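*Asks:* One structure follows; several queries about it will come next.
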Amino acid sequence: MTRGPTPRRTYVPHTLDADAVRIWCGLALDALGRAREDIDAINVYPVADGDTGTNLYLTVESAAQAVDAAFDGHPSSPGAARPSLADVVRAMAHGALIGARGNSGTILAQLLRGMADVLAENAGGTGSGDEADGLRRALRRAVDLAYLAVAHPVEGTVLTVAVAAAEGAERATGDVGTVARAAYEGARAALQATPGQLDVLARAGVVDAGGYGLVTVLGGLAEALSGEAPATPPAAPAIPAPASASPLTAETGAGPVDCSADGPAFEVIYLLEADDGAVAALRERLDALGDSLVIVGGDGLWNVHVHVDDAGAAVEAGIQAGRPYRIRITHFGAPAERGPAAPEPGRPERRPEGPSGERATRAVVAVVPGDGLAALCAEAGATVVATDPGKPPGGSELAEAIRRVHAREVVLLPNDAELRHPAAAAAAQARAEGVRVAVIPTRSPVQGIAALAVHEPARGFDEDVVAMTSAAGATRCAELAVAEHRSWTMAGVCQAGDVLGLIDGDVAVIGTELAPTAETVLDRMLAAGGEMVTLVLGADLPDTIAERLERHVREGHFAVDTIVYRGGQPSAPLIIGVE
């Protein structure tokens, strides 16, 4: 991802430029993260497999990552060249294309491609009038391309919502922010009408899941361009009650809707390198093999999506058309029946080391920010996903890590509050592939360490998850950071260079030196009680500070033990846990 999405700020100027597109991707990704479970829950068309929200999240995540990469390729120093609007919208469209998941994600990728085609051409225009007209034409082009990509368009779906967005924009007058908000409102109204257009939605009492996702994405666009969040939620869909509820605070459930036995057995998705003529022939062949056929892309790269009974024939058709890769085959059955993603041609399926190659019973995947923490978690039996400063892993990367451990049961420790949505999306994707996954909502590496300390593979899965969740929840966490600029915080105004003490994510202490600030943070945390303090030292923190803090705890807080780890994390100079 980022997730990377974007600086968390309100973008007030009504300007459609590269920065606005980056902020749009970030806002859309955050909104889809919040709505993902609701969208999954109402997913009944074209297949009730409960993954539309997850697929849309992963598609936009890939688009956001590509946009971030476009900015990363341009230095941020004063006077340095910035990416152009054309650069960024093309990156967005390409990222969505290569990361598109599912029927709705694939259509969304084509909608973004259509918008990018017009916005890139319009990038040389000046004035808000040109921008507003460019957005109107971009939304209309998006609709036209999407209808061409879908073999048999159906009304009452995301396509209908996209048409309403374009029509709303065309009726609006004013600046680009006003046009974006009109597109959002038009789409929202169309979404609420979808149950009257599609019988399967009416029977289930829900709106179209793909359309709900598109409205959420358009809400991000309206906020980015107008500086105002939509005053109302995208919709108030009726969500079927789950058949059962888990008592765990961790996420352990499967999709909320059982798949119908009717229709093709498999969903097949792959990227394809081929020319236009070969793709035209591929459309005809795949249309005869199955349904829900969507082929999006262009310029030699395509994303192919189809539902079929003969998955091998669908892949073979791709081989005849060009070079398919990133092949994914999902069986539309109960989660336990769904096989893992098919490996790419010529690439063996990844399995754990060992002579048998059998799927392991249980594994723990932990996200950590430093070499020392990585070694510590690996020693405790976890498979580690290392993070780079400012580039936490996305949902697709976490899903791949879950696949890589090749276990029937996986416990995921995100160890970062910002990874809540990517971790949940990764778990949902893995569950759809037949893996039982629990996400323990660890907000800090010290909570992950506490969870690993009580992990016992010999226990039942639910029992182990409960124990790990309880240990993580009983560990209060804090960290020290250095302010990069003057800012308002919960503890007052900080200046650039100040040391910030964050307790459970909120700035609680502002100081000028690291050790005294850390002592104040420890005193505040231990005032509520505690038996053990964990100090995780950053890459550049000297041992003398750790010794000072150990002595402070020993002298000021009777019967409280301290344990120190050299974590090596590059971002936070010190992470603190109290349990």
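FYI, it's all coordinate maths here, none of it is from the lab. Remember, predicted model here, so these are calculated numbers, not experimental data. Glycine also receives a Cβ, built like all others from the backbone with ideal geometry; neighbour counts cover every protein chain displayed.
*Asks:* Fewest to most neighbouring Cβ within 10 Å: what's the order for Glu433, Glu456, Glu267, Glu223?
*Replies:* Ordered from fewest to most neighbouring Cβ atoms within 10 Å, Glu433, Glu456, Glu267, Glu223 come out as Glu456, Glu433, Glu223, Glu267.
*Asks:* Let me check I've understood the local charge: for Glu155, count other residues with C-beta under 15 angstrom from its C-beta, Lys and Arg +1, Asp and Glu -1. What total comes out?
*Replies:* Net local charge, Glu155 excluded: -3.
*Asks:* Next question. Does region 360-473 classify as rounded, prolate or oblate by the C-alpha gyration tensor (a ≥ b ≥ c root eigenvalues; a/c under 1.5 gives rounded; else a/b over b/c gives prolate, otherwise oblate)?
*Replies:* It comes out rounded by the Cα gyration axes.
*Asks:* Would you please name the trypsin sites (Lys or Arg not before Pro) within region 480-579 that are DSSP coil residues with at most 16 other C-beta atoms within 10 Å of their C-beta?
*Replies:* Here the trypsin sites (Lys or Arg not before Pro) that fit, given the DSSP loop and packing criteria, are Arg486.
*Asks:* Working out 0.36 nm times the residue gap between Glu155 and Met490, then minus their Cα-Cα distance, what length gain in nm do you get to one decimal?
*Replies:* Additional length available on full extension: 115.7 nm.
*Asks:* Quick one: grab the alpha carbon gyration tensor of region 85-184, order the square roots of its eigenvalues as a ≥ b ≥ c, and give me rounded if a/c is under 1.5, else prolate or oblate depending on whether a/b is larger than b/c.
*Replies:* Cα axes put region 85-184 in the oblate bin.
*Asks:* For region 520-579 and region 502-517, what is the separation of their C-alpha centers, rounded to whole Å?
*Replies:* Each part reduced to its Cα centre gives a spacing of 13 Å.
*Asks:* Something else about it: Calculate, for Arg404 and Thr173, the FRET efficiency according to 1/(1 + (r/R0)^6) with r their C-beta to C-beta distance and R0 60 Å; round to the nearest 0.05.
*Replies:* With a Förster radius of 60 Å, E is 0.70.
*Asks:* Report the net charge of residues surrounding Leu500, where surrounding means a beta-carbon distance below 13 angstrom and charges are Lys +1, Arg +1, Asp -1, Glu -1.
*Replies:* -4
*Asks:* Where does the charge balance sit around Ala142 when Lys and Arg score +1, Asp and Glu -1, over other residues with C-beta under 9 Å from its C-beta?
*Replies:* Charge balance in the 9 Å sphere: +1.
*Asks:* Follow-up question, since we're still on this one. Using θ = phi - 60° and the Karplus curve 6.51 cos²θ - 1.76 cosθ + 1.60, what whole-Hz ³J(HN,Hα) does each residue of region 317-326 get, with Gly and Pro shown as x?
*Replies:* In residue order, the calculated couplings are 4, x, 5, 5, 7, x, 10, x, 8, 6 Hz.
*Asks:* Report the paramagnetic label zone for Ile319: residues of region 271-293 whose backbone N is under 17 Å from a point 7 Å from Cα along the Cα-to-Cβ axis.
*Replies:* Inside the label zone: 271-274, 282, 286.
*Asks:* I would also like to ask the following. Taking 0.36 nm per intervening residue step and subtracting the Cα-Cα distance, what contour gain separates Glu379 from Met532 on full extension?
*Replies:* 53.0 nm
*Asks:* Then there is this: What FRET efficiency do you get for Arg524 and Ser84 if R0 is 51 Å and r is their Cβ-Cβ distance, rounded to the nearest 0.05?
*Replies:* So, using R0 = 51 Å, E works out to roughly 0.60.
*Asks:* Expressed in nm to one decimal, what extension gain is obtained for the pair Asp144 and Asp310 from 0.36 nm per residue of sequence separation less their Cα-Cα distance?
*Replies:* Extending this stretch completely gives an extra 56.7 nm.
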